[in-house]
Amino acid sequence: MTARFHIRTYGCQMNVHDSEKLANLLHHAGLRAADSEAQAELLLINTCSIREKAEHRLYSDLGALRSWKAGAEGRVLGVGGCVAEQQGASLLRRFPHLDFAFGTHNLRLVPSMVSAARQGVRQAQTGESHSLERFDLPQRHPAFESRTPGRAFLTVMEGCDMFCSFCIVPLTRGREISRPAASILSEARQLAARGVVELTLLGQTVNAFGRHDLRRGRAGAAGALKSFGALLGELARIPGIERLRYTSPHPLFFDEALLRAHAELPELCPHVHLPLQSGSDRILEKMRRRYSAREFIGIARRLRAARPDLALTTDLIVGFPGETRADFEDTLAVVREVGFVDAYAFKYSPRPGTKAATMDGAVPPDEAQQRLEALQALQRGLTLDAHRSRVGTETVVLVEGPSARPRATASDDAGASAPRQLRGRDPYHRIVNFEAGAGCVRPGALLPLRLVEATPHSLIGASLDSAGAPT
Ligand code: 5AD
Ligand code: SF4
C-alpha cells in the first residue's frame, strides 16, 4: 500500500513553499498526500522561530504527538524548518518519539531520512550549504496538487545577509544566495505550461536577487548578469504569465531597474509589501535597518510615482528595546503618512543569538501590548478607508476557492440552500468575497467583478452582470 504523508506548516511563505517542495519530493519518492493526519503514516512539521510563541508551539505540538506516533505501527515523525535548523539533535534528545530533524538547506535529504527512519535510524541533518544544488529540485509530480491552482511560488533567492538586530532569519536560513536566472526562468515556463497565471517570487530579501554576482562582476551560474528588475522583465514575457508578485523586499534594494519595472510592466501587480519595522530613526538604527524614516517615505513616494495606484503593506515591531513613547508616536506618524493598506504588527520578541537580545531597555509587556493595540486600531481605520475608496470600481480576482467565512445572512437557514461564497485576490492582494452564482467558476480562473461593499478585512464583489449599470 502506498504510504501517506501529511505536512503541518507554520510561519512565512518561504515555509509554505518549502512544504510544497517537500510534498513534491515525497510524491517522487512514491508517497501520496493523506486526507488527514489520522490517516498519515508520515507526519512532517515545518517550523518557524521568528518569535518565541511560534517556537513554543512546536514543543507543545511535539508533546501532543506522542499519542499520534503510538496510534499505529510504523508511523514516522519528522521536524524541519527554522527551529530544526537551530535545535536539530537536541530535539531528538528531548523528544524520543521524534524520528528525524532536517534543516532549511536539507529538504532533498528527507525521502532518504524517511527510509532510514523505517529501519530505526534516528538522525538530524542540519547545517548550511553554500551550494546552488539546493535549487535543483524535481519538476512538479503529476500527482502533486497545488493548494491554489493558477498560482505558484517561485524561489529566486534564499538566506539573508542583512542581520537586522532583532531577527533570527540570518541564523536559520544562512547566507544570501541567488538562484541562477536560467533555472528560475525554466521553472516559470514549466509552471505557465501547467496553467499557472500568477507567480509570486520568493526570497528573504527578494529584491537583493543577483546583487552579490553583480557586485563581483561575476556572471551567476546563469551565465548572465541580471538585476531583479531585469529578471521581472523576462518573467513577464513568458506567455501565460499574467501576474507577477514578489515578497519580501528590503527597502534598501529598490533600484532604478525595479522602479522602472513597476512603471512599465503591466503584469507586475500594483502591490508591494514593504517592511517598515519602526518609524523612529533612533530605533531603526538600533534595529540595523539601514534607512531613516524619511528615506523609507522617499522610497514609497518613488514607487507611487512609478505606479500611482500602488498599494503598500508593511510589517511593524512595537516594544523594541529602548523604544520610548515618543519613538512609538513616530511609528504612528509614518504609518499615517504612508497610508499603508494593511500592516502586520508584532510585539518585539527577543531571539537568542541576535544582537537585540542583549540590548537593555526592555519595554514592559503591558506597555508593549498597549502600543500594539493602538497601532492596530490606527491601521484598521486606514484599511477600511482604503477598502471604502474602491467600492463602485471594477477589479479582476484570481479565484482561490471557498471563502474562509461564509457570509451569514438573515435568510440563511440550514445553509444547504445558501449561495456558494467564493474568495479571490485582486491585483492589490486584497481578498474579495463573492457569490459564485449559477456560472461555473473554477479556482485559478481570473474573474472580473464589481466591488460593492467594504469590510475591515476584505471587499465584497459581485459579478458584472448582477452588479452592473443601474437599472
Ligand atoms: N520580534 C518580533 N517581530 C519580529 N519579526 C522578525 N523578528 C521579530 C522579533 N524578534 C517580524 C518583522 C518581520 C516579520 C516577518 O516578523 O516585522 O518583518
Ligand atoms: Fe530578518 Fe532583516 Fe533579513 Fe528581513 S532583512 S529576514 S528582517 S534580518
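General observations
- Of the residues making up segment 339-353, those that are more than 16 Å from ligand 2 (Cβ to nearest atom) and open to solvent by 10 Å² or more (accessible area, probe 1.4 Å) are 339, 341, 342.
- Taking the criterion of being open to solvent by less than 30 Å² (accessible area, probe 1.4 Å), within 13 Å of ligand 2 (Cβ to nearest atom) and either assigned to a strand (DSSP E or B) or aliphatic (A, V, I, L, M) (or both), the residues of segment 162-178 that qualify are 162, 168, 169.
- One residue from 325, 336 being modelled with pLDDT of 95 or more, surrounded by fewer than 13 Cβ atoms within 10 Å (Cβ to Cβ), in the same structural domain as residue 275 (by TED's automatic domain parsing) and more than 24 Å from the chain's Cα centre (by Cα): 325
- Wholly enclosed helices (runs of 4 or more DSSP H) of segment 36-142 bearing at least 1 residues of a type in the set (Val, Ile, Thr) and buried (at least 17 other Cβ atoms within 10 Å of the Cβ): 81-94, 110-118
- Within segment 328-368, being more than 20 Å from residue 275 (Cα to Cα) and of a type outside the set (Ser, Thr, Tyr) holds for 352, 353, 357, 359, 360, 361, 362, 363, 364, 365, 366, 367.
Yes/no matrix, rows are residues, columns are (1) away from ligand 1 (no atom under 12 Å from the Cβ); (2) under 20 Å from residue 145 (Cβ atoms); (3) modelled with pLDDT of 95 or more:
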residue: 162; (1), (2), (3): no, no, yes
residue: 165; (1), (2), (3): no, no, yes
residue: 170; (1), (2), (3): no, no, yes
residue: 179; (1), (2), (3): yes, no, no
residue: 182; (1), (2), (3): yes, no, no
residue: 185; (1), (2), (3): yes, no, yes
residue: 194; (1), (2), (3): yes, yes, no
residue: 200; (1), (2), (3): yes, yes, yes
residue: 204; (1), (2), (3): no, no, yes
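- Residues in segment 188-205 that are surrounded by fewer than 21 Cβ atoms within 10 Å (Cβ to Cβ), in a helix (DSSP H, G or I) and in contact with a strand residue (DSSP E or B) (Cβ under 8 Å, 6 or more places away or on another chain): 0 in all.
- Against the list (1) free of Cβ contacts under 8 Å to residues at least 24 places away in the same chain; (2) touching a Leu at 6+ places or on another chain (Cβ under 7 Å), the condition residue 45 fails is (1).
- In segment 278-296, the residues that are assigned by TED's automatic domain parsing to the domain that holds residue 354 form Cβ pairs under 6 Å with partners that are open to solvent by 20 Å² or more (accessible area, probe 1.4 Å) and of a type in the set (S, T, N, Q), at six or more places apart or across chains, as follows: 281/292.
- If the condition is being more than 14 Å from residue 191 (Cβ to Cβ) and either in contact with a strand residue (DSSP E or B) (Cβ under 6 Å, 6 or more places away or on another chain) or surrounded by fewer than 18 Cβ atoms within 10 Å (Cβ to Cβ) (or both), then segment 148-161 contributes 157, 158, 159, 161.
- Meets criteria (more than 16 Å from ligand 1 (Cβ to nearest atom), crowded, with 22+ Cβ neighbours inside 10 Å and not in a strand (DSSP E or B)) for residue 258: yes
- Which numbered condition residue 289 misses (of (1) of a type in the set (Lys, Arg); (2) away from ligand 2 (no atom under 16 Å from the Cβ); (3) buried (at least 21 other Cβ atoms within 10 Å of the Cβ)): (2)
The values are calculated or read from the model by the stated rules, or taken from the named source; none is laboratory data. Values in this document were obtained by computation on a predicted structure and should not be read as measured data. Using ideal geometry, Cβ is built from the backbone for each residue, glycine included, and neighbour counts are taken over all protein chains shown. Surface accessibility is based on the protein's heavy atoms, side chains included, excluding ligands, DNA and RNA. Shrake-Rupley method; radii C 1.70, N 1.55, O 1.52, S 1.80 Å.
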